[in-house]
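Heads up, the thing below is written out as structure tokens.
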Amino acid sequence: MPHSLRSDARDNRERILAVARTTFAEQGLDVAMREIARRAEVGPATLYRHFPTKEALVTEVFTEQMAACTAIVDEGLADPDPWRGFCRMIERVCELHARDRGFSAAFVSAFPHAIDFAADRERALGKVAELARRAKAGGKLRPDFVLDDLIMVLMANGGIRTTSPAAAAAASRRFAALLIQGMRTEPAIPPPPPAVRLPMAVVT
């Protein structure tokens, strides 16, 4: 019985985090805790037992987001083909960033002192720099690539606006493919993913 209870509690916590991640990305950080509990199909008491405050819940979602980014970079470094690892890293980070829909920026703005992630960010950037160095050494990544280029990529990718998370992910994949073509030392042979119809209102 104790094992079953622990399992149920773990399932509830994971479901709350999954719902919170999606809801914060869709509606921003102002969404009520009761709404998150309703969507997660748990009672408010269960939600508050796992996360006593909204700040605690938002911080945990952000921490998971940072961990996911770090895992993507680590997998890129582990790839025996540095160029393939670099491309896969760009693709996956862009898609994760597109699904984020401004959540990370909103978190940092709303809770600037909730967590000190500067050291984690610097470690991740150091790993990206090492991956880029290997891809350059392999002759596939253009030699003038710098980390500021990646930051610019993420800033541009974050500006993608679509009607749904799925469309945002699809547009981000095409965006990443076009960028990767521009980062190659040689023209890319495979075509990028299909174009995604985007709302013209954002242009004006």
| request: Please tell me if Ala67 is assigned to a helix (DSSP H, G or I) and over 26 Å from Ala40 (Cβ atoms). | output: no
| query | Hey, does region 50-63 have a residue that's on the phi > 0 side of the Ramachandran plot and touching a helix residue (DSSP H, G or I) at 6+ places or on another chain (Cβ under 7 Å)? | reply | no
| field | Subset tally (residues that are under 24 Å from Thr22 (Cβ atoms) and charged (D, E, K, R)) for region 70-87 | value | 1
| task | List every residue pair whose Cβ atoms lie under 8 Å apart, where the two residues are 6 or more positions apart in sequence or sit on different chains, the first residue falls within region 29-54 and is under 22 Å from Ser109 (Cα atoms), and the second residue, located anywhere, is surrounded by 13 or more Cβ atoms within 10 Å (Cβ to Cβ) and charged (D, E, K, R). | result | Leu29/Lys54; Met33/Lys54; Phe51/Glu60
| message | Give me the residue from region 119-173 that is free of Cβ contacts under 8 Å to residues at least 60 places away in the same chain, within 30 Å of Glu60 (Cβ to Cβ) and among the charged types (D, E, K, R) and, out of that set, surrounded by the fewest Cβ atoms within 10 Å (Cβ to Cβ). | response | Glu122
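Looking at this structure, is Asp116 free of Cβ contacts under 8 Å to residues at least 60 places away in the same chain, surrounded by fewer than 16 Cβ atoms within 10 Å (Cβ to Cβ) and in a loop (DSSP other than H, G, I, E, B)? Give the steps one after another, and end with the answer.
Details: free of Cβ contacts under 8 Å to residues at least 60 places away in the same chain: yes; surrounded by fewer than 16 Cβ atoms within 10 Å (Cβ to Cβ): yes; in a loop (DSSP other than H, G, I, E, B): yes.
Considered against the rule, which asks whether it is free of Cβ contacts under 8 Å to residues at least 60 places away in the same chain, surrounded by fewer than 16 Cβ atoms within 10 Å (Cβ to Cβ) and in a loop (DSSP other than H, G, I, E, B), Asp116 comes out as yes.
Computed from the coordinates by the stated procedures, all read-outs in this text should not be read as laboratory data. Here the structure is a predicted model, which is why all the values come from computation and not from measurement. All Cβ positions, glycine included, derive from the backbone under ideal geometry; neighbour counts span all protein chains shown.
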